[in-house]
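Bear in mind these aren't lab numbers, they're just calculated from the coordinates by the rules spelled out. For clarity, every value in this text was computed on a predicted model and none was experimentally measured. Virtual Cβ from ideal backbone geometry, glycine too; neighbours counted across all protein chains shown.
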2 protein chains.
Amino acid sequence: MEQKIITLSHGSGGLLSWRLIKELILKYFSDPILKRLEDSAELAVNSKNLAFTTDSYVVNPIFFPGGDIGKLAICGTINDLAMKGAIPQFISFSLIIEEGFSLYELERIIKSASTTAKKAGVRIVCGDTKVVEKGKADKLFITTSGIGRIKKILNKEYIKPGDKVIISGTIGDHGITIMNERLNLNLKGDLTSDCAPLNLVTNRIFTEEFDIHFMRDPTRGGVASALNEAIDGTRLGILIHEEWVPIKPAVKGACEILGLDPLYIANEGKFIAILNSADSERFLHFLKKFSLSRNARIIGEVTDKLSGVWLKTIIGGMRPVLQLEAEGLPRIC
Amino acid sequence: MEQKIITLSHGSGGLLSWRLIKELILKYFSDPILKRLEDSAELAVNSKNLAFTTDSYVVNPIFFPGGDIGKLAICGTINDLAMKGAIPQFISFSLIIEEGFSLYELERIIKSASTTAKKAGVRIVCGDTKVVEKGKADKLFITTSGIGRIKKILNKEYIKPGDKVIISGTIGDHGITIMNERLNLNLKGDLTSDCAPLNLVTNRIFTEEFDIHFMRDPTRGGVASALNEAIDGTRLGILIHEEWVPIKPAVKGACEILGLDPLYIANEGKFIAILNSADSERFLHFLKKFSLSRNARIIGEVTDKLSGVWLKTIIGGMRPVLQLEAEGLPRIC
């Protein structure tokens, strides 16, 4: 490692995060399951396959349009399980609270987490509470872990040329909403986090016969990072058509003002599915039945004619969609 | 709640922690499994029973004689599973790192966690890394969750009058060690944390035929809190004999100097077992075969002649061992 200290970019989900994980953490944590670096670990327990995942949430601000850190922690863990083809079942909930934090706000967050879990049909079954001195944390951090039963086998190795790439709805809503709040940008329009439990849709998907090869929720690093990870280590490429990518006018406007590419902005209630072309229209029709995925669109396809992720722009040019060096804004989740 | 803000005592493991959990958190998180408030949740998965647990670690300092926050996070989660009669199998490992933290120290901690997990035969299978701005966390917080297969059914409801109370070794080592480091007390003698993975002993215990009713690791709040929890909600009492309680001279001396009761000091590599009196001597003999429990002792018995936990002092008096209002020192684990 060149740098001798941790920087914010090490936690961004970009290239520096990957280097930290690959060069330092995997040097010691060498379990073959962990080394796959998937959203959830796949465990053989009692001869059936379980998915197991964990994430810490440090989002700032802790309340934002469309959600709060409690809802986000539940959704994020549900979504990681769902992206592994699992039916999310059990969640653990661990709090690190800064001394002096408001009990009223804590109650709002606990209530929100509880409501979200109930709506999604998952059970919060264990937890922990730690308090640190004032100034030693920032209000509240939450770590959730989750267990689910794997129902559908998904694996990036199944991705093949000709597969279609589907996004379940508009992109960039969460990241731009957090940015607007944090930086007091006072951007107007429909800026609301899309934070939602994806199993409301995926539990239904997994009982149907769709030839889906891979799924990923485009959180930190956005659609660009999720697609780069999908084909990392393969000789395949993905071509995205800019004009097919759904985006709310308010988010598009905000990105233009801020000079940001929406493909790199975080989402918290969207998934990308890469599936057999033959099933793509039927799958799209199925997705449109659910409010969470009613704006689903085919945005591109897998190809062996290109290497890496590419964007065909509205004016017809082609540009590479590279893995991000570092997220622009820390603590978006 | 009388207080409108979170205080350090809410995270102490004492009465205020219990009130926060019972009055606020359980008001919303109402799952029957969570409500048992055990060290691990018991889940029926694929018709077999799994234990599932989580804990956040915020210990200060992060390096201490006998361990560090990485070793502690692995041991703590293993031990919570073990106390539920489970064989610990899988662990998740989530980091919240303060910007500017040393990569060298991070590597030491990751290495230590890895070594501990390997020694204990558990697999670290998933993780997460978040970085927050300088001053928004204190170096490093770790949250681990664990999954284990329940091998031995233990339940406080099985505790009955006449049962013996066994401690697996000397008490107070971890808490006094942390205190000595944090407060720069410069106390001399053998002050080393007992931080250890208890499954090195419990995995063996659970394959034998011992009529054990209940186990608990006396962490925050020490032996006093663990015993109070064991009989909470029952009409039973526990009588502890002070002279039978194993304690290192250095720890005893430190407690005398600081005016602390070692029964309330945290341990991180000890367990309490409450078992059928008929099996107690044979069990003790078994425990002495393992280095982790070679100083195991019977320290008391369950009785229906008393209510609550009582100590028979060395000079022959009797005093109640009450549930602690709040831990004296925050961030011991």
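Can you compute 3J(HN,Hα) from phi for each residue in the stretch A:231-242, using the Karplus curve 6.51 cos²θ - 1.76 cosθ + 1.60 with θ = phi - 60°, rounded to whole Hz and x for Gly and Pro?
Along the stretch A:231-242, the couplings run 10, 4, x, 10, 9, 8, x, 10, 10, 9, 9, 3 Hz.
Cα to Cα, under 13 Å, and not fewer than 8 places away if on the same chain: which aspartates and glutamates meet these conditions relative to residue A:248?
Qualifying aspartates and glutamates at Cα under 13 Å: A:173, A:190, A:194, A:256.
Taking every DSSP beta bridge with both residues inside chain B, roughly what % is antiparallel (nearest 5)?
Antiparallel bridges make up about 75 percent of those DSSP assigns within chain B.
Does the protein assembly as shown come out rounded, prolate or oblate, given a ≥ b ≥ c as the square roots of the eigenvalues of its C-alpha gyration tensor, rounded meaning a/c under 1.5 and, failing that, prolate meaning a/b above b/c?
Because a/c hits 1.5 or more and a/b exceeds b/c, the protein assembly as shown counts as prolate.
Within 10 Å of each Cβ in A:52-65, how many Cβ atoms from other chains are there, averaged over the peptide?
Average per residue, whole number: 5.
Suppose R0 equals 25 Å; then what is the FRET efficiency for residue B:133 and residue A:26 from their Cβ-Cβ distance, rounded to the nearest 0.05? Don't jump to the answer; show the numbers that get you there.
Values: r = 26 Å, r/R0 = 1.04.
With R0 = 25 Å, the Cβ-Cβ based efficiency is 0.45.
With a Förster radius of 22 Å, plug the Cβ-Cβ distance of residue A:209 and residue A:157 into 1/(1 + (r/R0)^6) and report the FRET value to the nearest 0.05.
That pair, residue A:209 with residue A:157, gives E of 0.60.
Within the stretch B:186-226, what residues put their amide N at less than 11 Å from the label point 7 Å along the Cα-to-Cβ vector of residue B:290?
Residues B:197-208 qualify, since their backbone N sits under 11 Å from the label point.
Rank A:131, A:302, A:58 by mean-square fluctuation in a GNM of chain A with C-alpha springs under 10 angstrom and give only the top-ranked residue.
Comparing A:131, A:302, A:58 in a Gaussian network model of chain A, the most mobile one is A:131.
Provide the percentage of antiparallel DSSP beta bridges, counting only those with both residues in the stretch A:69-149; round to the nearest 5.
Bridges in the stretch A:69-149 that DSSP calls antiparallel: roughly 55 percent.
For chain A, which span is the longest to avoid every loop-located (per DSSP) member of GluC sites (Glu not before Pro) having at most 15 other Cβ atoms inside 10 Å?
A:3-132
Longer than 19 Å from Cα to Cα, which of A:27/A:160; B:111/B:136; A:35/A:156; A:164/A:305; A:35/B:111 are they? Say none if no pair is.
A:27/A:160; B:111/B:136
Running a GNM on chain B with Cα contacts under 10 Å, which residue among B:197, B:249, B:262 ends up with the highest mean-square fluctuation?
Sorting by GNM fluctuation, first place goes to B:249.
Please work out whether chain B counts as rounded, prolate or oblate from its C-alpha gyration tensor, where a ≥ b ≥ c are the square roots of the eigenvalues and a/c under 1.5 means rounded, while otherwise a/b larger than b/c means prolate and anything else oblate?
The shape class here is rounded.
Per residue of A:30-43, count partner chain C-beta atoms within 10 Å of its C-beta, then hand back the mean as an integer.
4
Only Cα pairs within less than 10 Å get springs; with that Gaussian network setup on chain B, which residue of B:142, B:171, B:21 has the largest fluctuation?
Among B:142, B:171, B:21, the largest mean-square fluctuation in the Gaussian network model of chain B belongs to B:21.
Using a ≥ b ≥ c from the Cα gyration tensor of the stretch A:132-268 (square roots of the eigenvalues), is it rounded, prolate or oblate, where a/c under 1.5 gives rounded and otherwise the larger of a/b and b/c decides, a/b for prolate?
Verdict is oblate for the stretch A:132-268.
What is the magnitude of the charge dipole of the stretch A:41-150 about its Cα centre, with +1 placed on the Cβ of each Lys and Arg, -1 on the Cβ of each Asp and Glu, and no other charges, expressed in debye to the nearest 20?
Working: 13 positive and 11 negative charges, 91 e Å.
Rounded to the nearest 20 debye, it is 440 debye.
Would you give the gap between the C-alpha center of the stretch B:195-249 and the C-alpha center of the stretch B:116-179, rounded to a whole Å?
14 Å
So if each residue of separation counts as 0.36 nm, and I subtract the Cα-Cα distance between residue A:306 and residue A:108, what length gain in nm does that give?
Details: separation 198, 0.36 × 198 = 71.28 nm, distance 4.88 nm.
Here the answer is 66.4 nm.
Which residues make up the longest stretch of chain A clear of trypsin sites (Lys or Arg not before Pro) that lie in a DSSP loop with no more than 15 other Cβ atoms within 10 Å, not counting the sites?
It runs A:37-133.
Amide H of residue B:131: which non-local residues (sequence gap of 5 or more, or other chain) have their own amide H closer than 5 Å, using H built in the peptide plane?
Residues meeting the amide H criterion: A:11, B:97.
If you place +1 on the Cβ of every Lys and Arg and -1 on the Cβ of every Asp and Glu, how big does the dipole about the Cα centre of chain A come out, in debye to the nearest 20?
520 debye
Between residue B:322 and residue A:4, what's the calculated FRET efficiency when r is the beta-carbon distance and R0 is 51 Å? Round to 0.05. Let's see the in-between values first.
On the way: r = 49 Å, r/R0 = 0.96.
Taking R0 as 51 Å, the efficiency between residue B:322 and residue A:4 is 0.55.
Give a residue-ordered list of calculated ³J(HN,Hα) values for the stretch A:84-89 (Karplus: 6.51 cos²θ - 1.76 cosθ + 1.60, θ = phi - 60°; whole Hz; x for Gly, Pro).
Ordered by residue, 3J(HN,Hα) equals 8, x, 9, 8, x, 10 Hz.
Treating cross-link reach as a plain straight distance, find the aspartates and glutamates whose alpha-carbon is under 12 Å from the alpha-carbon of residue B:4, omitting any fewer than eight places away in the same chain.
A:99, A:105, A:107
Determine the percent antiparallel among the DSSP beta bridges restricted to the protein assembly as shown, to the nearest 5.
Taking every DSSP beta bridge within the protein assembly as shown, about 75 percent pair in antiparallel fashion.
So if I place +1 on the C-beta of Lys and Arg and -1 on the C-beta of Asp and Glu, and nothing else carries charge, what would the dipole magnitude of the protein assembly as shown be about its Cα centre? I want it in debye, nearest 20.
Using Cβ point charges on Lys, Arg, Asp and Glu, the protein assembly as shown gives about 840 debye.
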